[in-house]
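Structure first, commentary second.
The values are calculated or read from the model by the stated rules, or taken from the named source; none is laboratory data. Because the structure is a prediction, the values reported are computed rather than measured. Quick reminder, even Gly has a Cβ in these numbers, built from the backbone with ideal geometry, and neighbours come from all protein chains shown. Each accessible area value is taken on the protein alone, full model and side chains, heavy atoms only, with ligands, DNA and RNA left out. Shrake-Rupley method; radii C 1.70, N 1.55, O 1.52, S 1.80 Å.
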Amino acid sequence: MPFQKKVKPNFPLDGLKAFVSADGLDDFIKILEKDFYAEVKVQCRYDTGKGKTDLILDLYCNFGLTESLHHFNKGNWGGFTCDAEGEKRISSFDAAFQKLSKDNNNTIDIAELSLHFRDTSIVVSRISDYSIPEQLAAIIFKTSAHFVYLTKGLTEMPYEIFVPVFEDHTRSVLAVEKSKKGYFDYWGLYFDNDSQHDVIVYNLKTKQLCKEDFFLLD
């Protein structure tokens, strides 16, 4: 199945300036490292036109996805507290991001967040303002709830899970793009198949896997 790798960030670079830090960012990173038991790397990009800062976060965890989901469901990984339906309660992650946002006059957001485990990565892209901090707990909850299907009946782990992908009827493919739709319709899964990559789309509503081309749009 053909696969087009992302070669550019998911947002335009015109008018953006990379810089080292933002107010309160070090404290926010320390909380992420503590809550996720992870090494955190961050890029900051400042949009000079909008006067806003986008964060690109990479969290590197020295354990597998299964172990992380086990601890997430117990409420001791990620800084989240969720009920049986995946509804998030106030958490240290929320409090830390709200403080970071306040320290920067509400001009900071997370554009992309990647969770890197020993056996896979989950890459979450922003689909609307503050969509990642608002929905990350629910995305992890859904990963746990659909784990059997995402792993082909516990037989194969995708090496990357891309959240979300959307139907693009004009191209007859599934495309990653900003949309009014949410995170819980389609996800993209990448599997290693010898020398090539298998690209599979997972339908969260029907719990079905299908081989589809999709492209990561800039």
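Only residues that are free of Cβ contacts under 8 Å to residues at least 24 places away in the same chain and among the basic types (Lys, Arg) were counted in the stretch 90-116, giving 1. Of the residues making up the stretch 92-113, at least one is out of contact with any strand residue (DSSP E or B) (no Cβ under 9 Å at 6 or more places or on another chain) and surrounded by 17 or more Cβ atoms within 10 Å (Cβ to Cβ). Reported count of residues in the stretch 13-50, each being open to solvent by less than 40 Å² (accessible area, probe 1.4 Å), at pLDDT 85 or above and part of a strand (DSSP E or B), is 4. With respect to the conditions (1) modelled with pLDDT of 90 or more; (2) surrounded by fewer than 19 Cβ atoms within 10 Å (Cβ to Cβ); (3) out of contact with any His (no Cβ under 9 Å at 6 or more places or on another chain), Thr53 lacks only one, and its number is (2).
Buried (at least 18 other Cβ atoms within 10 Å of the Cβ), more than 20 Å from Asp103 (Cβ to Cβ) and aliphatic (A, V, I, L, M): is that true of Leu69 in this structure? Spelling it out, Leu69 is indeed buried (at least 18 other Cβ atoms within 10 Å of the Cβ), more than 20 Å from Asp103 (Cβ to Cβ) and aliphatic (A, V, I, L, M). Scanning the stretch 131-146 for residues that are surrounded by 21 or more Cβ atoms within 10 Å (Cβ to Cβ) and free of Cβ contacts under 8 Å to residues at least 40 places away in the same chain returns a single hit, Ile132.
Listed here are the residues, each with its yes/no results for (1) touching a helix residue (DSSP H, G or I) at 6+ places or on another chain (Cβ under 8 Å); (2) over 27 Å from Thr66 (Cα atoms); (3) modelled with pLDDT of 75 or more; (4) open to solvent by 60 Å² or more (accessible area, probe 1.4 Å).
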position	(1), (2), (3), (4)
Val163	yes, no, yes, no
Asp168	no, yes, no, no
Val176	no, no, no, no
Leu217	no, yes, no, no
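If you check Glu156 against the conditions, is it more than 22 Å from Thr66 (Cα to Cα), out of contact with any Cys (no Cβ under 8 Å at 6 or more places or on another chain), at pLDDT 90 or above and surrounded by fewer than 17 Cβ atoms within 10 Å (Cβ to Cβ)? Answer is no for this residue.
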